[in-house]
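Report on one structure; see the data block that follows.
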Amino acid sequence: MKRCSKCVMCETQDMISFDEEGICATCRQLEYKDDVINWDERKVEFEELLKDYRGKGSYDCIIPFSGGKDSTFAALALVRDFNLKPLVVSFDHGFYRPMILENTERAIRKLGVDYMRFKSDWQVVKKLMRESLIRKGDIMWHSHCGIFAYPMQIAVKHKIPLIIWGEQTSEYVSYYSYEEKEQVDEKRFNRVVNLGINAEDMVGMLDGSVTMRDLEPYTYPNLKDLRSIKYRSICLGTYVPWDTKKQSERIHEELGWKGDNVEGIPYDRYWYEKIEDGFQGIQDYLKWLKRGMSRMTHLASIDIRNGRMTREEGMEMVEKYEGFRPASLDVFLKALDMTDEEFHEIALKHVVSPHVPPDWRTLPRGPELPDQKDWSINFDIE
């Protein structure tokens, strides 16, 4: 299977393309980010933009917030570097881990901001995860949609026109380029976020076992309502150069933000990565089954682009940490009353050519995370 000649990204990645040197478009985007963009000018532009919103209402902006490294940095920077008064809004997908809840409480208190958290109906979530797996080989439709739709609903409800997200998607994939200033709008929601399935589709797929009322948190507001508040939904990463490692170190120092173990990656190097989602290991495993790559490929590629790892070291990391059945899959299968055989039969219907997955029955089982024993309580799993 072909990989980028600069990083280690695979040809099975969404929207990937390679130039005549075999270098992927994302690597080229990051070169543009580093070599062409004048970040001092971008910061001045951002300050000018904020003048239209600062002090004009109860809140200057909404910050969508998972409690992970990127949204926590966004909140820190917008409050302390840009002197904004935000409303911080979280969509709880149902499996926040204990450390992320502790981090969130600590950050909200230290930053001195108002905070709103919505927790989705677990009985509905289980139906959505199963159907999402069947349709797309992805268990996170509800999370993708809720994280991006719910803060926009709050913006309309409370008439807060400015919504500021974290990094641009062009930091990681090629749906957009750093040559454009990415808007986090309905086009992006339908192009990148919702897997090509809207809430109305999902109601039909589930044969009426859920209603549009049940799926309101996952439904993007209509354009008329958004235009009525003159909304603007942008990425902080358009105006501030993004570096997750450096930013993670800053939130650790200033907010006491703590990392955690995550399945499939080494804690000593990536203590900050994707700690908010108990089922992240399953989502990454699904990607490996379908595409022959997992989170280690993604993280090694980021480090190579940022000069923190050679390509040879990246390939060694991929070979060492990918190809394990996550221990968390046991928890997931119990929650959805699904067998190993049923799960893998569904997943393998979504394999992306030219990847040929091995027999899943031969895969070694990865180690349990230290907090997994408590997930049945924390995730409301009966």
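Summary of computed values
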read-out: Every residue from region 51-76 that is closer than 19 Å to residue 161 by Cα and buried (at least 19 other Cβ atoms within 10 Å of the Cβ); value: 59, 60, 61, 62, 63, 64, 65, 71, 74, 75
read-out: Members of region 268-300 found to be closer than 21 Å to residue 352 by Cβ and of a type in the set (Gly, Ala, Ser), listed by number; value: 281, 292, 294, 300
read-out: Helices (runs of 4 or more DSSP H) wholly inside region 74-187 that include at least 1 residues being closer than 15 Å to residue 215 by Cα and of a type in the set (Ser, Thr, Tyr); value: 122-136, 141-158
read-out: Which listed residue is farther than 30 Å from residue 341 by Cα, of a type outside the set (A, V, I, L, M, F, W, C), touching a strand residue (DSSP E or B) at 6+ places or on another chain (Cβ under 8 Å) and at pLDDT 95 or above, from 174, 233; value: 233
read-out: Cross-chain or 6+ apart pairs with Cβ under 9 Å, region 228-242 first and in a loop (DSSP other than H, G, I, E, B), then surrounded by 22 or more Cβ atoms within 10 Å (Cβ to Cβ) and among the β-branched types (Val, Ile, Thr); value: 229/160; 231/160; 231/163
read-out: Selection count where residues are farther than 16 Å from residue 373 by Cα, acidic (Asp, Glu) and either surrounded by 17 or more Cβ atoms within 10 Å (Cβ to Cβ) or not assigned by TED's automatic domain parsing to the domain that holds residue 331 (or both), scope region 252-285; value: 5
read-out: Residues satisfying the stated conditions in region 217-232, i.e. touching a helix residue (DSSP H, G or I) at 6+ places or on another chain (Cβ under 7 Å) and surrounded by 16 or more Cβ atoms within 10 Å (Cβ to Cβ); value: 217, 218, 219, 220, 221, 226, 229, 231
read-out: Selection count, region 88-107, where residues are among the hydrophobic types (A, V, I, L, M, F, W, C) and in contact with a helix residue (DSSP H, G or I) (Cβ under 7 Å, 6 or more places away or on another chain); value: 4
read-out: Residue match in region 12-19 (condition: of a type in the set (Gly, Ala, Ser), in a loop (DSSP other than H, G, I, E, B) and in contact (Cβ under 8 Å) with a residue 12 or more places away in the chain); value: yes
read-out: Residues within region 46-71 that are over 18 Å from residue 184 (Cα atoms) and in a helix (DSSP H, G or I), tallied; value: 3
read-out: Those residues of region 95-125 which are surrounded by 17 or more Cβ atoms within 10 Å (Cβ to Cβ) and within 27 Å of residue 334 (Cα to Cα), in sequence order; value: 95, 96, 97, 99, 100, 120, 124, 125
read-out: Residue pairs meeting the criteria (Cβ under 7 Å; at least 6 apart or on separate chains; first assigned by TED's automatic domain parsing to the domain that holds residue 55 and more than 23 Å from residue 153 (Cα to Cα), in region 87-113; second among the acidic types (Asp, Glu) and not in a helix (DSSP H, G or I)); value: 97/260; 97/276; 97/371; 98/371; 99/260; 100/276
read-out: Failed criterion for residue 261 (all others in (1) polar (S, T, N, Q); (2) modelled with pLDDT of 95 or more; (3) in contact with a strand residue (DSSP E or B) (Cβ under 6 Å, 6 or more places away or on another chain) hold); value: (3)
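The values are calculated or read from the model by the stated rules, or taken from the named source; none is laboratory data. Nothing here was measured: the structure is a model prediction, and the numbers come from that model. Cβ coordinates were reconstructed from backbone atoms using ideal geometry, including for glycine residues, and neighbour counts include every protein chain displayed.
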